[in-house]
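The values are calculated or read from the model by the stated rules, or taken from the named source; none is laboratory data. Keep in mind that what you see is a predicted model, and the values were worked out from it rather than measured. In this analysis, Cβ positions are derived from the backbone assuming ideal geometry, glycine residues included, and neighbour counts consider all displayed protein chains.
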Amino acid sequence: MSEIDSSRHSAGEGTPWGLVILLGSLTAMGPIAIDMYLPSLPAIGAALKASSGETQGTVAAFLAGMAIGQFVYGPASDRIGRKPPILIGVGIFILASIGCGFAQTAPQLIVGRFVQALGACAGGVVSRAVVRDRFSHVETARMLSLMMLIMGLAPILAPLLGGALLAFGGWRLNFWFMTAFGVAIGLAALLRMRESRSEETAAHARAEHPFQTYLALAREPRLMGYALAGALNGATLFTYISASPELLIQTYGISPQAFGWVFGANAAGLIAANQVNRIILRRATPDEVLARASIASLGFTLLLALAAVSGIGGRWSVLPLLFCVLASYGFMQGNTMAGALNVDPRRAGSISALLGGLSFGTGALASTFAGTLHDGTPRPMALIMLAALAGSALALHRLALPRRPALV
């Protein structure tokens, strides 16, 4: 089996589909581990005699683990290379998935999910650094959007598979599937991935303590603008992930099996938006797309909040508007990442970790708020999304995007 070449890719070359599939699959470890077991949350709560807060706590614990772990893998990938952290992370993911499969209490599952996330986050943080190693600013944005074709299958197929496994043999089968997936993707990375980190990046990382690196990055206004805009925009996605089982299954009466189809439809909208973004980037810059997409997403969320608070139209107004809000993330995700990674390419691993850590950290916080404020209606979810996207637009336009010169 030949290894994937890691030489610098130019815009005129064909799409490196082998790299897209490998990096997309590695990045999908986290989404698969989140989305697959969502239809099983009510069953997990019943089996483990857990409250609604405890079952949602398994989601928040996973997001917290995804946030914390990235701050370790990012600098490590700059120092020791991209491949070793990925293999270590996949190993942790496999062992933790086995532990989750044997959990007997809600606290055990919460701990297992936290450790599982510490492994899963390696795939995303290192894959983004690999992309920046090989591509320019615009090509990085296009490549990240293209990876959504692979990574985006997770939120479409995982809930459907999770619901089927739940019906076939119970919620624990989800974690045995995650174990098998971890083994498969770990072997693929071991056999097909080559090193892409440059010697310049390695020398720079070894001369600088990780805390100094993060401190230097925090002093970059444009970088923090992109990072906060992406993280707060992503908080809407994590709020939806946390609230959707209760909202769709219990509030709207959708069955666990049908839940996968509704969840998958929203994921399909997100994938489609990413691909439209990739096409638009042939004629527009990432910053131009971000400027317009941030305003559009805020407008959709304002309408969603009004529908949720007023109750007008019920699910028939909430769900279509929710689809539009989630789809708008497809125009923000890759472009904010590409903009941030372009600020200081020598620190690509650490920047990728900062992006992922902030994203999952705000996601965990938003999910916790959604669980705490849960009242059986879509109101808490919609209002949290509105606050997050208002903050995202503010950070993007005040810090990241270049200011237009004042007219004299």
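If you go through segment 270-286 one residue at a time, do you hit one that is within 11 Å of Ile156 (Cα to Cα) and of a type in the set (A, V, I, L, M, F, W, C)? Step through it out loud before you land on a result.
Step one: list which residues in segment 270-286 are within 11 Å of Ile156 (Cα to Cα), which gives 270-271.
Then keep just the ones that are of a type in the set (A, V, I, L, M, F, W, C); that gives 270-271.
Yes - at least one qualifying residue is present in segment 270-286.
Among the listed residues Ala348, Ala387, Ala364, Ala353, identify the single one that is surrounded by 22 or more Cβ atoms within 10 Å (Cβ to Cβ) and more than 30 Å from Glu200 (Cα to Cα). Don't jump to the end; show me each part of the working.
Values: Ala348 fails: more than 30 Å from Glu200 (Cα to Cα); Ala387 fails: surrounded by 22 or more Cβ atoms within 10 Å (Cβ to Cβ); Ala353 fails: more than 30 Å from Glu200 (Cα to Cα).
Of the residues listed, the single one that is surrounded by 22 or more Cβ atoms within 10 Å (Cβ to Cβ) and more than 30 Å from Glu200 (Cα to Cα) is Ala364.
If you take the residues in segment 12-43 that are in a loop (DSSP other than H, G, I, E, B) and more than 21 Å from the chain's Cα centre (by Cα), which one is surrounded by the most Cβ atoms within 10 Å (Cβ to Cβ)?
Going residue by residue through segment 12-43, those that are in a loop (DSSP other than H, G, I, E, B) are 12-16, 28, 36-37.
Restricting the remaining residues to those that are more than 21 Å from the chain's Cα centre (by Cα) gives 12-16.
Values: Gly12: 5, Glu13: 10, Gly14: 6, Thr15: 11, Pro16: 18.
The residue in question is Pro16.
Out of Ser328, Ser359, which single residue is under 30 Å from Glu200 (Cβ atoms), within 18 Å of the chain's Cα centre (by Cα), hydroxyl-bearing (Ser, Thr, Tyr) and in a helix (DSSP H, G or I)?
Being under 30 Å from Glu200 (Cβ atoms), within 18 Å of the chain's Cα centre (by Cα), hydroxyl-bearing (Ser, Thr, Tyr) and in a helix (DSSP H, G or I) holds for just one of Ser328, Ser359, which is Ser359.
Mind listing just one residue for me: the one in segment 44-61 that is of a type in the set (Ser, Thr, Tyr) and surrounded by 18 or more Cβ atoms within 10 Å (Cβ to Cβ) and, of those, modelled with the highest pLDDT? Give the derivation first.
Kept after step one, since they are of a type in the set (Ser, Thr, Tyr), are these residues of segment 44-61: 51-52, 55, 58.
Adding the requirement that they be surrounded by 18 or more Cβ atoms within 10 Å (Cβ to Cβ) leaves 55, 58.
On the way: Thr55: 83, Thr58: 88.
If we take residues in segment 44-61 being of a type in the set (Ser, Thr, Tyr) and surrounded by 18 or more Cβ atoms within 10 Å (Cβ to Cβ), then Thr58 is modelled with the highest pLDDT.
Each row is one residue, and each column tells you yes or no for (1) within 30 Å of Glu199 (Cβ to Cβ); (2) part of a helix (DSSP H, G or I); (3) of a type in the set (Val, Ile, Thr); (4) over 19 Å from the mean Cα position of the chain (by Cα).
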| residue | (1), (2), (3), (4) |
| --- | --- |
| Phe300 | no, yes, no, yes |
| Leu306 | no, yes, no, yes |
| Ile312 | no, no, yes, yes |
| Leu319 | no, yes, no, yes |
| Ser352 | yes, yes, no, no |
| Asp375 | no, no, no, yes |
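With (1) of a type in the set (D, E, K, R); (2) within 17 Å of Val126 (Cβ to Cβ); (3) at pLDDT 90 or above as the list, and Arg172 as the residue in question, which single condition is left unmet?
(2)
Residue by residue through segment 367-384, note down the ones that are among the aliphatic types (A, V, I, L, M) and surrounded by fewer than 24 Cβ atoms within 10 Å (Cβ to Cβ).
Taking segment 367-384 first, the residues among the aliphatic types (A, V, I, L, M) are 370, 373, 381-384.
Residues satisfying the conditions are Leu373, Leu383.
Looking at segment 25-67 only, could you name the residues that are closer than 29 Å to Leu149 by Cβ and among the β-branched types (Val, Ile, Thr)?
Thr27, Ile32, Ile34, Thr58, Val59, listed by residue number.
Kindly indicate whether any position in segment 209-222 is buried (at least 23 other Cβ atoms within 10 Å of the Cβ) and closer than 23 Å to Ser127 by Cβ.
First, pick out the residues of segment 209-222 that are buried (at least 23 other Cβ atoms within 10 Å of the Cβ): 213.
The next check asks that each one be closer than 23 Å to Ser127 by Cβ; those that pass are 213.
Among the residues of segment 209-222, at least one is buried (at least 23 other Cβ atoms within 10 Å of the Cβ) and closer than 23 Å to Ser127 by Cβ, which makes the answer yes.
Somewhere in segment 324-331, is a residue more than 19 Å from Ala141 (Cα to Cα) and either surrounded by 22 or more Cβ atoms within 10 Å (Cβ to Cβ) or polar (S, T, N, Q) (or both)?
Restricting attention to segment 324-331, the residues satisfying the condition of being more than 19 Å from Ala141 (Cα to Cα) are 324-325.
Next cut, either surrounded by 22 or more Cβ atoms within 10 Å (Cβ to Cβ) or polar (S, T, N, Q) (or both) only: 325.
Yes, there is a match, as at least one residue in segment 324-331 is more than 19 Å from Ala141 (Cα to Cα) and either surrounded by 22 or more Cβ atoms within 10 Å (Cβ to Cβ) or polar (S, T, N, Q) (or both).
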